[in-house]
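These notes are about the structure you will find just below.
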Amino acid sequence: MNRILFTYATAALLSLSFTGLAARPGLPDWTPPPAPQTDRWEDGDYFFGTWAGIRPRLAEAGVTFDSYYVANPAGLVSGGLKHGHGFTYVDNFYLGATFDLEKLIGWTGAQFAISGINRSGGSLTLADVGSQYDVQQVHGGQNVFLYNVTLEQRFWQDKVKLKIGRFGASDDFNTSPIYGLYMNNGIDGNIRNVLFDTQFSAYPFSTWAARLRIDPTPEVNFQLGVFQTWNNVFDRRLNGLDWSIRGEDGVILMAQLGWTPEFHKQPVPTAPDGKSDGKNVGSEMKGLPGHYWVGGSYSPWKGYSQFGNAEKTSGSYGFWAHADQMVYQEAPGSEQGLTLFVASGYYPQDNISIIPWQINAGAYYTGLFPGRDRDKTIVGLIHGRFGSDYADTIELGGSSRPTHETVLELAHRFQLTKFAYIQPDVQFVTRPGGTGNIDNAVVVGAQVGISF
């Protein structure tokens, strides 16, 4: 039944896609023109520059590349399972390519994307800290993966976008660029409790999927998604190469409504040639940007493991919400200023949810220190409550009953160039594992990132 539901839902979304294949004049090309290049290597967008001019020529022809490396070295300096002793280094390398099919073969409004990932390194969390929340964001699925293989079609004047293929739900649902500022995986990527025992596929794990996004206005968007789910969706040994659909597989359905307002708009001078030379200066209205959404998922798949019960169950469901808002801007239209955010997830089924309820909150200031306009100063808080059925199983194993876990994270991202940053980071983990049996932990580490 689940396999039939997945097939019909995907077919329905596919039918919408092919109604938009006919050429429609006026559909905008969403690939931005190459950024103006300076003669200085450090002012460029990539460590390897323009490849002697080859990269912008490929972009004009319809082929763009995205490649980056992120490392999370971290050490336990106090508390935890190892009482202040432990260090690991984990990293993530990503390589992706996007093909503008309109430029390449004349297919209006279509693009094809493919990407691969390599992750390596051992977890500090499991062996040393004992926390439920991973203190290194790029730990999980340590292996080589084929990740994204997607076709996206945009039609109806770019207000409707359909993506089909192999990708993770975390690419489009319940995610924000803000989350990537944090090294703890309780924030980074997605709200962590949404991923616990829900089969919410997340980078670097992909499944067969289809996502429909509608933007009726510039400030409002709505998304629907259908994703394959199965017992081994998070098995890193499969390398993202198991593309089969089995009779026992299921689906997880998602919906999300978003709002992206700008408050207190003011006219901001603009120059069409990108130079502030006082010539051809116009203006556009800019304000304090915000991003708000609510969403949820439901899965009828009868494959969810229960705590204290060997029988599988079905009907996983839950909800999430997010709000981020720039509340102070140093100048109209400036990126420098203070942004606040709060996010929460609620999956009420104690029999399958480790952490039914979690809340995250945080703030970051861009350009806090003079002369460091692109740096970000970051603070974040994670608080999660453990489910009663999960707590029962821990008690039966002879440990104390887990109740809650809280993490405070402080960091400063030094944006060295457009393509490189280093971010010293400290995390204070209160009640690792939730039981109170493990000493509160202090983890000191860093994020290091570079775009190639």
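Readers should treat all values here as calculations from the given coordinates under stated rules, not as data from a laboratory. Small disclaimer: the values here were computed from a predicted structure and weren't measured. Backbone-built Cβ (ideal geometry, glycine too); neighbour counts: all protein chains shown.
Some notes on this structure:
- Projected area, mean over directions - the stretch 278-410, Cα convex hull, nm²: 12.4 nm²
- Summing charges over neighbours of residue 137, with a neighbour being any other residue whose Cβ is under 12 Å away from its Cβ, gives -3 when K and R count +1 and D and E count -1.
- Nitroxide proxy distance, nm - points 7 Å out along Cα→Cβ at residue 260 and residue 408: 3.4 nm
- Highest-first arrangement of 382-393, 112-123, where packing means the average Cβ count within 10 Å: 382-393, 112-123
- Near residue 170, once Lys and Arg are set to +1 and Asp and Glu to -1 for all other residues with Cβ below 14 Å from its Cβ, the sum equals +1.
- In whole angstrom, the stretch 223-355 maps to an equivalent ellipsoid with semi-axes of 46, 19, 12, each derived as √(5λ) from the alpha carbon gyration tensor and ordered largest first.
- Applying Stokes-Einstein at 20 °C and 1.002 mPa s to the Kirkwood radius of the chain, computed over alpha-carbon pairs, gives a translational diffusion coefficient of 90 µm² s⁻¹.
- Across all directions, the shadow cast by the convex hull of the stretch 141-184 built on its C-alpha atoms averages 4.6 square nanometres.
- Reach of residue 265 by Cα under 21 Å, taken over lysines that are not fewer than 8 positions away in the same chain: 286
- Stretched out straight at 0.36 nm per residue, the stretch from residue 220 to residue 118 would grow longer than its current Cα-Cα span by 33.2 nm.
- A viscosity of 0.692 mPa s and a temperature of 37 °C, combined with the Kirkwood radius over C-alpha pairs in the Stokes-Einstein formula, give the stretch 144-217 a diffusion coefficient of 243 µm²/s.
- Whole-Å semi-axes of the ellipsoid equivalent to the stretch 279-333 (Cα gyration tensor, √5λ, descending): 49, 12, 7
- Förster radius 51 Å - calculated FRET efficiency between residue 328 and residue 104 (Cβ-Cβ, nearest 0.05): 0.70
- Estimated D of the stretch 84-211 in µm² per second, where Rh is the Kirkwood radius over Cα pairs and Stokes-Einstein applies at 10 °C, 1.306 mPa s: 98 µm²/s
- At the listed q of 0.26, 0.32 Å⁻¹, the Debye profile of the stretch 70-119, built from one uniform point per Cα, gives log10 I(q)/I(0) equal to -0.90, -1.06.
- Protection-proxy order for peptides 289-300, 42-53, 57-68, each taking the mean of Cβ atoms within 10 Å per residue, highest first: 289-300, 57-68, 42-53
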